Amino acid sequence: MIIRLSVKNLHFGYNSTEVLRDLTLEVGDGQIASIVGPNGSGKSTLIKCIDRILVPSAGDISVDRCNVTKMKQMELAQMIAYVPQNSLRVFPNTVFDVVLMGRRPYLGWKGSKRDDDVVWEVLGLLGIDNLALAAFTELSGGQQQKVLIARALAQETGVILLDEPTSNLDVWHQIDVMEILRSLVRKRDLTAIIAIHDLNTAARYSDIIVMMKKGKIVSAGKPENVLTGENLASVYGIQANVRITEDIPYIIPLSRIPQKTAGFKK
Ligand code: ADP
Ligand code: MG
């Protein structure tokens, strides 16, 4: 494994208040890193800083040892792809055209045979080639999510960022999307960074869990070392049963810890 994505001493604020504070993190190729943490802890902000939708106030981000903080947009888009949280933007297009948008960093505006081939290939990988001519807006949530992942894969980047890719999906589609992602990450040696709420899904599919609270990384490492009862208490304010089976922690949330209880620092 080689280090693909490296984030060093990253800071960001929307105004004078810092939202990300001194984040440092490394993720290798062929790895899935899940970012977890309560609402508002900075997961989406971190992902947007990595994709430079937001500009950090300090710190460095590199991909394959190339500093991407000052890279041109098109060059960056050949290294990092981003699947936004919910695509409220309506694509009045066919599935094929939406996925072809992922080829923009290579296209200019005029497509080539190679671009078409890549689109067909990723549609096949995700098992949605039968939907190529369907209207994006008429698909179910699960199908739309796969199309957006296909668009990111068509970008042929080493790093793929996903903001809550499973949050609107039923359990069958959650497993489906995560299985597909994991197999692609392994097969293509990709690096996936996933902001995710569901701790059990994160535990099952991630090589690394990065747990955030109030803009800071509280704990990072293997799922069984991060998703501990202690961390769930101090970060989420909940009491939970954690059972580890074959290195995978299974979390059963039991109750809230009253916020005034000693030991729970908000
Ligand atoms: P998460 O994805 O973990 O729920 P976010 O990254 O969306 O958290 O938000 C982190 C913090 O930044 C929150 O306190 C949130 O209120 C604030 N924030 C998010 N987006 C904006 C924005 N566009 N302007 C000002 N503050 C924002
Ligand atoms: Mg978010």
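The values are calculated or read from the model by the stated rules, or taken from the named source; none is laboratory data. In this text, all values refer to a predicted model and were calculated from it rather than measured experimentally. All Cβ positions, glycine included, derive from the backbone under ideal geometry; neighbour counts span all protein chains shown.
Assorted remarks:
- If you filter region 186-200 down to residues that are surrounded by fewer than 22 Cβ atoms within 10 Å (Cβ to Cβ) and part of a helix (DSSP H, G or I), you find that the one that is nearest to ligand 2 (Cβ to nearest atom) is 200.
- Qualifying residue in region 73-95 (condition: in the same structural domain as residue 167 (by TED's automatic domain parsing), touching a Lys or Arg at 6+ places or on another chain (Cβ under 6 Å) and polar (S, T, N, Q)): no
- Checking residue 165 against (1) under 30 Å from residue 65 (Cβ atoms); (2) within 18 Å of the chain's Cα centre (by Cα); (3) not in a loop (DSSP other than H, G, I, E, B); (4) not hydrophobic (A, V, I, L, M, F, W, C), the condition it does not meet: (3)
Residues are listed down the side, and each one gets a yes or a no for (1) away from ligand 2 (no atom under 16 Å from the Cβ); (2) under 24 Å from residue 206 (Cα atoms); (3) outside the structural domain of residue 30 (by TED's automatic domain parsing):
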position	(1), (2), (3)
128	yes, no, yes
135	yes, no, yes
144	yes, yes, yes
150	yes, yes, yes
161	no, yes, no
167	no, yes, no
172	yes, yes, no
175	yes, yes, no
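- Looking only at region 41-64, and only at residues there that are part of a loop (DSSP other than H, G, I, E, B) and in contact (Cβ under 8 Å) with a residue 60 or more places away in the chain, the one that is nearest to the chain's Cα centre (by Cα): 51
- Hits in region 128-164 - residues which are more than 20 Å from residue 82 (Cβ to Cβ), out of contact with any Phe, Trp or Tyr (no Cβ under 6 Å at 6 or more places or on another chain) and without any contact (Cβ under 8 Å) to a residue 40 or more places away in the chain: 129, 130, 131, 133, 138, 140
- Test result for residue 35, in a loop (DSSP other than H, G, I, E, B) and within 16 Å of ligand 2 (Cβ to nearest atom): no
This table checks each residue for (1) within 13 Å of ligand 1 (Cβ to nearest atom); (2) of a type outside the set (A, V, I, L, M, F, W, C); (3) on the phi > 0 side of the Ramachandran plot.
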residue: 23; (1), (2), (3): yes, no, no
residue: 33; (1), (2), (3): no, no, no
residue: 39; (1), (2), (3): yes, yes, no
residue: 48; (1), (2), (3): yes, yes, no
residue: 53; (1), (2), (3): yes, no, no
residue: 64; (1), (2), (3): no, yes, yes
residue: 106; (1), (2), (3): no, yes, no
